[in-house]
Amino acid sequence: MKKIAVLFGGCSSEYEVSLESAYAVISHMDTEKYEPVLIGITREGNWYLYEGEWTRIQIDTWYSEETCQPVVVLPDKKLHGLMVYGKDKPDYISLDAALPILHGKNGEDGTLQGVLELAGIPIIGCNTLSSAIGMDKETAHHLAAVCGVKVPKSVLLTEEDWQELQSQNTEQSRNLESYGKELGYPLFVKPLRAGSSFGITRVETSKQLLPAIEHAFAYDKDVVIEENIEGFEVGCAVLGTRQLTIGEVDEIELSEGFFDYTEKYTLKTSKIYVPARISKEKAEEIKKTAERIYRALGCGCFARVDMFLTPEGEIYFNEVNTIPGFTSHSRYPNMMKAAGISFEELVNRLIEQVVK
């Protein structure tokens, strides 16, 4: 039986989402073909081999001394696996592949993927480079633009830029005002590398710009100030590396604000339509654009590509999620379900891309 490591948790603001996604994936895995090796990562970044009940992952009671043993990935390509710190002596587990189900920093940004690649463990998902690019909004937008995809206008503000701007005192408000004039209001302030809309603020007036930037810097050392694109968000679930399967396009309807963390996981004032309420021709154009972005960023195995559709029918790239949510109500599995691929089949197809 093939051993598949499923990694969950992580020292990220999206820790809870990872637990729900991982539980959904594990509980839909074909355990007659695959043996899940569960690797839990705490909020502090400690790694453990978890051997308890799967349901405890979902409710975040998975860690205990009885169910967990410290574990590390060994950079030994002959083993391509793990070393477990047993009570008496170390134990070793050779893996056939690893499926990271971590969102945001330290899981979706290429750091974890680099560790796995160094150890020679096949990754079910995007590799180190594409993960890092996907997490970096500015780089991802530059690559998409080179491929002829429209992207919002933006300004990158580094930590050094911000420190220099703060030291100028009287010049600060004038410089901030220039960003607003260049991009127009409303605009968005975003951490350069963050997921699930953490640290993002929709700014309506110049007075709101300074606190929005300070809020974004709490999540990352670089911040993007980005123009608002009128219209609504659409997304594409993409599966595969060479030959791609693209799920049905979905559409996010907002009654107020933007699709922030609360809306993504509660849908209090928003609704998601799958398929999107657009023409077949426009849906095909969106799918082709998603494929172009997916390939331009070097994505593999799976990812979700998010875009904006304007009232004029123009398509703008928003971002790519290299490890999208896999909860029962997440967009990626629901787009694939609308295309005729069940959750169980989706999980198996993910694994089969890497494990033969």
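Filtering the range 323-356 down to residues that are under 17 Å from Ala98 (Cβ atoms) and in contact with an Asp or Glu (Cβ under 7 Å, 6 or more places away or on another chain), which residue is surrounded by the most Cβ atoms within 10 Å (Cβ to Cβ)?
The residue in question is Ile323.
Restricting the search to the range 199-220, which residues are open to solvent by 20 Å² or more (accessible area, probe 1.4 Å) and without any contact (Cβ under 8 Å) to a residue 40 or more places away in the chain? Steps first, answer last, please.
Taking the range 199-220 and keeping what is open to solvent by 20 Å² or more (accessible area, probe 1.4 Å), we get 200-202, 204-208, 210-211, 214-215, 217-219.
Result: Thr201, Glu204, Thr205, Ser206, Lys207, Gln208, Leu210, Pro211, Glu214, His215, Ala218.
Restricting the range 90-135 to residues that are charged (D, E, K, R) and more than 11 Å from the chain's Cα centre (by Cα), which is surrounded by the most Cβ atoms within 10 Å (Cβ to Cβ)? Give the derivation first.
Quick first cut of the range 90-135, residues charged (D, E, K, R) only: 91, 96, 105, 108-109, 117.
Remaining after also requiring more than 11 Å from the chain's Cα centre (by Cα): 91, 96, 117.
On the way: Asp91: 14, Asp96: 21, Glu117: 17.
That would be Asp96.
Can you tell me how many residues within the range 312-322 are in contact with a strand residue (DSSP E or B) (Cβ under 9 Å, 6 or more places away or on another chain), assigned to a loop (DSSP other than H, G, I, E, B) and open to solvent by 10 Å² or more (accessible area, probe 1.4 Å)?
Narrowing the range 312-322 to residues in contact with a strand residue (DSSP E or B) (Cβ under 9 Å, 6 or more places away or on another chain): 314-322.
Of the ones still in play, those that are also assigned to a loop (DSSP other than H, G, I, E, B) are 314, 322.
Keeping just the survivors that are open to solvent by 10 Å² or more (accessible area, probe 1.4 Å) gives 314.
Residues meeting the conditions: 1.
Return yes when Ser196 is within 27 Å of Ser330 (Cα to Cα), at pLDDT below 90, over 20 Å from the mean Cα position of the chain (by Cα) and surrounded by 15 or more Cβ atoms within 10 Å (Cβ to Cβ) and no when it is not. Full working, then the answer.
Details: within 27 Å of Ser330 (Cα to Cα): yes; at pLDDT below 90: yes; over 20 Å from the mean Cα position of the chain (by Cα): no; surrounded by 15 or more Cβ atoms within 10 Å (Cβ to Cβ): yes.
Taking the combined requirement at face value, the residue does not satisfy it.
How do the pairs read when you match residues in the range 176-192 that are open to solvent by 10 Å² or more (accessible area, probe 1.4 Å) with residues anywhere that are assigned to a helix (DSSP H, G or I), using Cβ under 6 Å and keeping only pairs 6 or more apart or on different chains?
These pairs meet every condition: Leu176/Leu209; Glu177/Ser206.
Kindly indicate which of Ser130, Ser154 is hydroxyl-bearing (Ser, Thr, Tyr) and over 30 Å from Ser27 (Cα atoms).
On the way: Ser130 fails: over 30 Å from Ser27 (Cα atoms).
The unique qualifying residue is Ser154.
Residues of the range 56-81 being touching a helix residue (DSSP H, G or I) at 6+ places or on another chain (Cβ under 6 Å), open to solvent by 50 Å² or more (accessible area, probe 1.4 Å) and under 16 Å from Leu19 (Cα atoms), which ones?
Applying the first criterion (touching a helix residue (DSSP H, G or I) at 6+ places or on another chain (Cβ under 6 Å)) to the range 56-81 yields 57-58, 60, 62, 73, 75.
From what is left, the residues that are open to solvent by 50 Å² or more (accessible area, probe 1.4 Å) are 58, 60, 75.
Those that are touching a helix residue (DSSP H, G or I) at 6+ places or on another chain (Cβ under 6 Å), open to solvent by 50 Å² or more (accessible area, probe 1.4 Å) and under 16 Å from Leu19 (Cα atoms): Gln58, Asp60.
Starting from the range 1-21, keep only residues that are closer than 18 Å to Thr61 by Cα and open to solvent by 10 Å² or more (accessible area, probe 1.4 Å), then list their pairs with residues that are aliphatic (A, V, I, L, M) and at pLDDT below 90 whose Cβ atoms are within a distance under 8 Å, requiring at least 6 positions of separation or different chains.
Ser13/Ala194
Every residue in the range 211-239 that is touching a helix residue (DSSP H, G or I) at 6+ places or on another chain (Cβ under 6 Å) and either at positive phi or hydrophobic (A, V, I, L, M, F, W, C) (or both), please.
Val223, Val224, Ile225, Val234, Cys236, Ala237, Val238
Report the residue count in the range 253-282 for those that are crowded, with 17+ Cβ neighbours inside 10 Å and modelled with pLDDT of 95 or more.
Residues meeting the conditions: 3.
State whether one or more residues within the range 33-48 are basic (Lys, Arg) and touching a Lys or Arg at 6+ places or on another chain (Cβ under 8 Å). Steps first, please.
The first filter runs over the range 33-48 and keeps only residues basic (Lys, Arg), leaving 33, 43.
Keeping just the survivors that are touching a Lys or Arg at 6+ places or on another chain (Cβ under 8 Å) gives 33.
Yes, there is a match, as at least one residue in the range 33-48 is basic (Lys, Arg) and touching a Lys or Arg at 6+ places or on another chain (Cβ under 8 Å).
The values are calculated or read from the model by the stated rules, or taken from the named source; none is laboratory data. In this text, all values refer to a predicted model and were calculated from it rather than measured experimentally. Virtual Cβ from ideal backbone geometry, glycine too; neighbours counted across all protein chains shown. For the accessible areas, the whole protein counts, side chains as well, though only heavy atoms, and no ligand, DNA or RNA atoms are used. Shrake-Rupley method; radii C 1.70, N 1.55, O 1.52, S 1.80 Å.
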